[in-house]
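The values are calculated or read from the model by the stated rules, or taken from the named source; none is laboratory data. What you see is a predicted model, and the numbers here were worked out from it, not measured in a lab. Here the Cβ positions follow ideal geometry from the backbone for every residue, glycine too, while neighbour counts run over all protein chains shown. All accessible areas refer to the heavy atoms of the entire protein, side chains included, with ligands and DNA or RNA removed. Shrake-Rupley method; radii C 1.70, N 1.55, O 1.52, S 1.80 Å.
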Amino acid sequence: MLKLLRSLIIIVGGLFVLLAAPTLYAASSSTQAVVQSYGTNEALETGMVVGLVKGNASQVQALTIKDDTTMQGVVVAPNTAAISLSSGSNTNQVYVATSGRYNVLVSNENGSIGIGDYISVSSLDGIGMKAENTETTVLGKAAEAFTGNANVISSATIKKIGGGTTTVAIGSIPVNVAIGNNPDQGDRKSTRLNSSH
């Protein structure tokens, strides 16, 4: 938090009296974010990673692997940001944060997530995972770890590339959202699984 202290000088009977004004607080720039409302034709949950609908900059949908370059942010509650922008015309609307620290739904599809790991979208639409070299866009960095052994809220069965299926755990962790290019792109072998949801 950034603490601002101001003083007030009053002249009383020719004397200067220095009074301390109330202490004001402002959130640091790393926690401030603007949240924008978008229309949607899907049932999107808080924490889902979303992207813009092609040809419609006012609508979002659960982000898929194929469209990771359209990443717009994470669905949040409208009261979680200092400033929320709404057009008022969206009847089915969700609020999307493009920066700041927010809880994101993630899976352990690409292994355990460690603090500081980049998060991208998994093969489960709208669900994040630890980024690998095949994604072009990342949502941000994990602020907490997720192994799939604790704080699990759901699970899903997905197909492996070589055949067969596996079950992945889904949880929610805070992520420092800062959408950008994947700095690890092309650096390591892909271990991605295919979705069967």
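Numbers at a glance
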read-out	value
Selection count, region 87-106, where residues are part of a strand (DSSP E or B) and either in contact with a Lys or Arg (Cβ under 9 Å, 6 or more places away or on another chain) or open to solvent by 30 Å² or more (accessible area, probe 1.4 Å) (or both)	6
Residue list for region 121-147, filter: part of a loop (DSSP other than H, G, I, E, B) and among the charged types (D, E, K, R)	ASP125, GLU132, GLU135, GLU144
Yes/no for ASN176 being free of Cβ contacts under 8 Å to residues at least 24 places away in the same chain and either of a type outside the set (Ser, Thr, Tyr) or surrounded by fewer than 20 Cβ atoms within 10 Å (Cβ to Cβ) (or both)	no
Scope region 137-156; condition under 18 Å from ALA62 (Cβ atoms) and more than 14 Å from the chain's Cα centre (by Cα); matching residues	ILE153, SER154, SER155, ALA156
Residue in region 112-120 that is in a strand (DSSP E or B) and open to solvent by 40 Å² or more (accessible area, probe 1.4 Å) present	yes
Given (1) open to solvent by less than 50 Å² (accessible area, probe 1.4 Å); (2) out of contact with any strand residue (DSSP E or B) (no Cβ under 7 Å at 6 or more places or on another chain), number of the condition VAL60 does not satisfy	(2)
Test: residue in region 179-196 that is modelled with pLDDT of 90 or more, under 23 Å from VAL35 (Cβ atoms) and buried (at least 18 other Cβ atoms within 10 Å of the Cβ)	no
Near pairs, Cβ below 7 angstrom, 6+ apart or cross-chain, from region 63-89 (modelled with pLDDT under 90) to any residue that is in a helix (DSSP H, G or I)	SER84/PRO78
Which numbered condition ALA26 misses (of (1) modelled with pLDDT of 90 or more; (2) aliphatic (A, V, I, L, M); (3) surrounded by fewer than 19 Cβ atoms within 10 Å (Cβ to Cβ))	(1)
Unique residue being hydrophobic (A, V, I, L, M, F, W, C), open to solvent by less than 60 Å² (accessible area, probe 1.4 Å) and modelled with pLDDT of 95 or more when the list is ALA131, ALA143	ALA143
Long-range neighbours under 8 Å by Cβ, at least six apart or interchain, first residue farther than 24 Å from THR165 by Cα within region 114-125, second part of a loop (DSSP other than H, G, I, E, B) and open to solvent by less than 40 Å² (accessible area, probe 1.4 Å)	ILE115/ALA143; ASP117/ALA131; TYR118/ALA131; TYR118/ASN182
Where ALA150 falls short, out of the listed (1) open to solvent by 20 Å² or more (accessible area, probe 1.4 Å); (2) within 17 Å of ASP68 (Cβ to Cβ); (3) modelled with pLDDT under 95; (4) not β-branched (Val, Ile, Thr)	(2)
